[in-house]
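Notes follow the structure.
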Amino acid sequence: MIKNVYLNHDGGVDDLVSLFLLLQMKNVNLLGVGVIPADCYLEPAMYASRKIIDRFGNGEKIEVAASNSRGKNPFPKDWRMHAFFVDALPLLNESGQIQTKESELPAHEHLIKVLRESDSPVTLVFIGPLTDLARALQTAPEIEQNIEKLVWMGGTFLENGNVEEPEHDGTAEWNAFWDPEAVKVVWDSSIPIDLVALESTNMVPLTLDVRNTWASQRQDIGIDFLGQCYAMVPPLVHFQTNSTYFLWDVLTTASIGNSELVKKKQVKSIVHPSGASQGRTELSENGREVELVYEVDRDSFFDYITELAKQNK
Ligand code: AGV
Ligand code: CA
């Protein structure tokens, strides 16, 4: 079955790789893309997205919309720089021009428009903060009816999240921390949610063996693109640091193309909208239901994305 998908991403290396992989999925029909300047700067992330669709989108006409949303807690600048590196890759700049159109609408309004125009329900893939979805729901609550489900990379129920910032207790995941109130708005809706939380993404760090596999197959242009992108970010070598890179968003995207890679269970959760634990998702009987993705078959996951990336299949 072919799924209608709308992607909202925030321009990190694994966000842009996710866009590339979605374009390769035969069982996905990508209806539109929104870009939010959370873990990126907006301009290079917009250009990179449009160039990826040009280069790898098989001629499909997909619009990219820029978000004008703002968060509460900014991402570190060093991480936000990554979009500049992807945008500058020679592989994406061969033609010297961009065909894929930028929408005239801001991302949250673009999302509303795409949902209104779709004649069947749409799967939302959010691999950054939820701000644009929260704003869309506040502006046009009726769009809920045309949302099949939300698949979100965010949150965790582990003791340790991945936020290491002053005035925070470290329990949150970054996409939730950037705009905790947006998480609350989405939690208060009745949209079914698949949560690709740190429980599962912690199982897919970027490691040297994966990089070497891609290097050995770089004669394929799609694999070369993966290798070039993941050359920009630090792998897990001796021990995990705050900058260690995981395939957070790529796991989220892969779970759409192939749901057998992951295991899910139903949990109930609340979110902390403010204070020292802001952005923390917590198990609670009084909370809303979510499907927690808590495990992934690591080897099958890497095999899947590597095969998917290949252009000369
Ligand atoms: O918390 C994970 C989210 C994902 O959507 N992002 C990166 C992924 O795109 C934020 C993030 C957490 N740790 C990071 C992040 C790191 N070490 N480098 C860059 N971004
Ligand atoms: Ca992201």
Sole exception among (1) crowded, with 21+ Cβ neighbours inside 10 Å; (2) of a type in the set (S, T, N, Q); (3) out of contact with any Phe, Trp or Tyr (no Cβ under 8 Å at 6 or more places or on another chain) for N68, by number: (1)
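Which of the helices (runs of 4 or more DSSP H) found entirely inside the range 201-313 contain at least 2 residues meeting this: of a type in the set (S, T, N, Q) and out of contact with any His (no Cβ under 7 Å at 6 or more places or on another chain)?
Values: elements: 208-216, 221-229, 248-257, 298-309.
Of the helices (runs of 4 or more DSSP H) lying wholly inside the range 201-313, those with at least 2 residues that are of a type in the set (S, T, N, Q) and out of contact with any His (no Cβ under 7 Å at 6 or more places or on another chain) span 208-216, 248-257, 298-309.
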Residue list for the range 41-60, filter: surrounded by fewer than 18 Cβ atoms within 10 Å (Cβ to Cβ) and among the polar types (S, T, N, Q): N58
Filter result for E159 (without any contact (Cβ under 8 Å) to a residue 24 or more places away in the chain, touching a helix residue (DSSP H, G or I) at 6+ places or on another chain (Cβ under 9 Å), of a type outside the set (S, T, N, Q) and farther than 27 Å from G257 by Cα): no
Residues located in the range 208-241, provided they are closer than 29 Å to N160 by Cβ, in contact (Cβ under 8 Å) with a residue 40 or more places away in the chain and away from ligand 2 (no atom under 16 Å from the Cβ): V210, L226
Qualifying residue in the range 2-15 (condition: among the hydroxyl-bearing types (S, T, Y) and away from ligand 2 (no atom under 15 Å from the Cβ)): yes
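Read the figures in this text as sums done on the coordinates, not as results from a lab. Being a predicted model, the structure only gives us computed values, none of them experimental. FYI the Cβ positions are ideal-geometry reconstructions off the backbone, even for glycines, and counts take in every protein chain you see.
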